[in-house]
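Before any comments, here is the structure.
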């Protein structure tokens, strides 16, 4: 069975001047961790002094800063950014009724995104349109994904949209039913 590339895989195969991966610097996270350790060490100095009320606050602040540094260093997500505008690409989803699958695929293939408003949106279902776009719409891709037991699979290739189509999709995302 042939697998269709996801939007992320499409982005990974593009040149860096169009789109690139961005991960926060590990040095920032290490700095946060060092600051947390310094707060804990400062606590041992203050605990020996005559300020016993400051000790619990320094322990709490030191632990929080240390935990944030660990999270920032090891668990921060990789983001995609536009090569031209350096804006972050955000991923959002619109859910549609499964009965409209063929109409949705035809609209995306024919780039008739203005007609998406005519389709019935649902709160959650097994058919969704994934949209990856910058906030200004200069870079926009979409892909139809459906749920088969135990996983979501891509139905079509990631489709690039022109800026006017991107604005239509972004407006649709703003107005989607909650």
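The angle separating the long axis of helix 163-174 from the principal Cα axis of greatest extent in the chain is about 70 degrees. Each principal axis of the Cα cloud of the chain was evaluated for its coordinate range; sorted largest first, these ranges are 74, 36, 35 Å. Taking Cα atoms only, the orientation of helix 26-48 departs from the longest principal axis of the chain by about 30 degrees. Here is how the number arises for the chain: DSSP H runs of 4 or more residues each give -39500 (n - 2.57), the sum is divided by the residue count, and the result at 222 nm is -13000 deg cm²/dmol.
Note on the chain: with a GNM built from Cα contacts shorter than 10 Å, the maximum mean-square fluctuation among 124, 61, 19 falls on 61. Based on alpha-carbon atoms, the Kirkwood radius and the radius of gyration of region 91-178 give Rg/Rh equal to 0.93. For the chain, the longest principal axis of the C-alpha atoms and the axis of helix 54-75 are separated by about 40°. Taking the square roots of five times each eigenvalue of the Cα gyration tensor of region 26-76, the equivalent ellipsoid has semi-axes of 25, 9, 5 Å, listed largest first.
A short reminder: the numbers here are calculations on the coordinates, not readings from a lab. Predicted, not measured: the structure shown is a model, and the values here were computed from it.
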